[in-house]
Structure formats: C-alpha cells, structure tokens
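Structure first, then comments.
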Amino acid sequence: MVLTKKDILKEIKKEGLVFAPMIDGFQLQPHAVDLRLGNEFFIPRSWKITNKGREAINIDPFITQDPESFDTITLNYGQYFELLPGEFVIAKTMEEISLNANDLMAVLFPRSSINRRGLAVDLSGIIDTGYNGKLMIPIMNNTSKQVIRVYPGERICQVVFQKLTGNLSPEEIKMHGLQTAKYTNNDKNFAGGKVDKKDEIELIKLGKIDELKKKYHIEK
C-alpha cells in the first residue's frame, strides 16, 4: 500500500517517519515526498599516490573503497555545483530520514524534471525499514557538450512510502540476508560502497556458485 499525503503526515506526527530538517510544503506531494540536494559532493579520483608510486584507482565490488578515492567538496547554501559533460559525482541529501515504524519502507525515484535537464539521477533504490541517515545520490551529466548547474537545496529526488503486510521485529529489521544492514545509522559514510559478507564474497571469487547455493540454501 502506497501512503498518500495524509498518511505521510500521520506517520510524521507519531514519529514513525522523521525528517531532519523537517520537510516543507514544496516537498510534500500527493503520494510522495521530494528530498532536497545537500551541500556535500564526492568526485571520484582516477589515481592516487602510494608508497609504490602513482597508482590507478580500480573499483572492485568486493573491496570497500578508500575515502581517498574521492575528492570531497562542501559548499555553502547559495553556491552552486557545475557538472561537466559526462561527469559523475555522488551527493548527499539535505535531509536525514528515519524510518522508525516497523511496518514502513520506502522506494527512491528521480524527479522527471531533473532528468529532463540532462542529468541521470540513477535511483530506484529501497530505503529499508529502520533506516536512519542521509541518502547518497549518484548524479551524472548525460550530455556531451553542456555544463549543467545544480544548487544545494533544490529538490533532487522523491520518496514513495509503502506499508508492509506485517510488522518486523527489531532483529528482523537488522538482518539483510545473512548480515546486518550495512548503511543504517551511518551518516558519516563516504561515497564508496561497503562490501558484502566475506563468506559470500570468497565463494563468488572462487567461482563456487553451486557450493554457495547449497551451503546457504533456504528451507521451504
């Protein structure tokens, strides 16, 4: 069930859903909430200096990225950020969101008006029950010639809230598959992703998918 404006306000009133700072009238939609762009931007680096020399930065999904893989820019509100043609950055939302109700989750979508400017805000992610923190927003200038300007504070994406068919216990909320949630309560996370559980990673790297499926099968 998708929450309407009235349902969203009810959840906010009873603190099953919390925004900090609180959303304003421009952000509340008939069945969604627009989130504003924050003032922190993370720009991927292509190389770094190590004791071995100048090394290229390689992205491996099985290795948590070093914070030094990104340049961090913090702007003042009232300033702007220009994305060069083909440039990719990651930004934070202005709002911190807390899904405190144990029967509430959300899905993140781009705003069509942002996409029409030539920006790819590649979002269709799930905000899990129990999540608390700001959200990381990947943004890419899809054009080949145009510089596109974004302003901290503008509405960048939208969140649709959904009710679960039943309540989850605190223990169930913490577990994502066979590991605890990686990003909940972590506003200080850098732009690079965190790795999955070591047991799964090692079997994948060895090509032992059949062993993985057999060892961690789910009883029907």
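Some observations on this one:
- Taking other Cβ atoms within 10 Å as a rough exposure proxy, His217, His31 sort from fewest to most as His217, His31.
- Over the range 97-153, relative contact order from alpha-carbon pairs under 8 Å, at least 6 apart, %: 38
- Computed per residue of the chain from DSSP H runs no shorter than four, each worth -39500 (n - 2.57), the mean residue ellipticity at 222 nm is -4000 deg cm²/dmol.
- With K and R counted +1 and D and E -1, the other residues having a Cβ less than 14 Å from that of Val33 yield a net charge of 0.
- Cα-centre dipole for the range 77-134 with unit charges at Cβ (Lys and Arg positive, Asp and Glu negative), debye to 20: 220
- Charge tally around Thr4: other residues with Cβ under 12 Å, Lys/Arg +1 each, Asp/Glu -1 each, net +2.
- Of the three principal axes defined by the Cα atoms of the range 2-51, the extents in descending order read 57, 20, 20 Å.
- For the range 39-83, the residues whose amide N sits under 17 Å from a probe point set 7 Å from the Cα of Ile201 along the beta carbon direction are 58-69.
- Cα gyration tensor shape of the chain, rounded if a/c is under 1.5, else prolate or oblate by comparing a/b with b/c: oblate
- Panel values: the range 13-140, Kirkwood radius from alpha carbon pairs, Stokes-Einstein at 4 °C and 1.567 mPa s, translational diffusion coefficient 77 µm²/s.
- With the simple model of a label 7 Å out from the Cα in the direction of the Cβ, Lys214 to Ile43 spans 5.1 nm.
- Computed from point charges on the beta carbon alone (+1 for Lys and Arg, -1 for Asp and Glu), the dipole magnitude for the chain about its Cα centre is near 340 Debye.
- Cut-off 16 Å (backbone N to label point 7 Å along Cα→Cβ of Lys6), residues of the range 18-37: 29-32
- Here the range 42-122 is treated with +1 on each Lys and Arg Cβ and -1 on each Asp and Glu Cβ, and its dipole about the Cα centre works out to around 280 debye.
- Remark: the range 210-220, residue by residue, has Karplus-estimated 3J(HN,Hα) of 4, 5, 4, 5, 6, 5, 10, 5, 9, 5, 7 Hz, where x stands for each Gly or Pro and the curve is 6.51 cos²θ - 1.76 cosθ + 1.60 at θ = phi - 60°.
- Long-range amide H partners of Asn100 with built H, under 5 Å: Leu17, Val18
- When the Gaussian network model of the chain links Cα atoms closer than 10 Å, the mean-square fluctuations of Tyr131, Tyr151, Tyr77 top out at Tyr77.
- Entries in Lys13/Lys92; Lys13/Lys134; Lys10/Lys163; Lys14/Lys163; Lys48/Lys208; Lys13/Lys163 that, when Cα-Cα distance is taken, lie over 22 Å: Lys13/Lys92; Lys48/Lys208
Every number in this text was worked out from the coordinates using simple rules, so none of it is lab data. Just so it is clear, the structure is predicted and the values come from calculations on it, not from any experiment. Every residue, glycine as well, gets a Cβ built from its backbone with ideal geometry; the counts of neighbours run over all protein chains shown.
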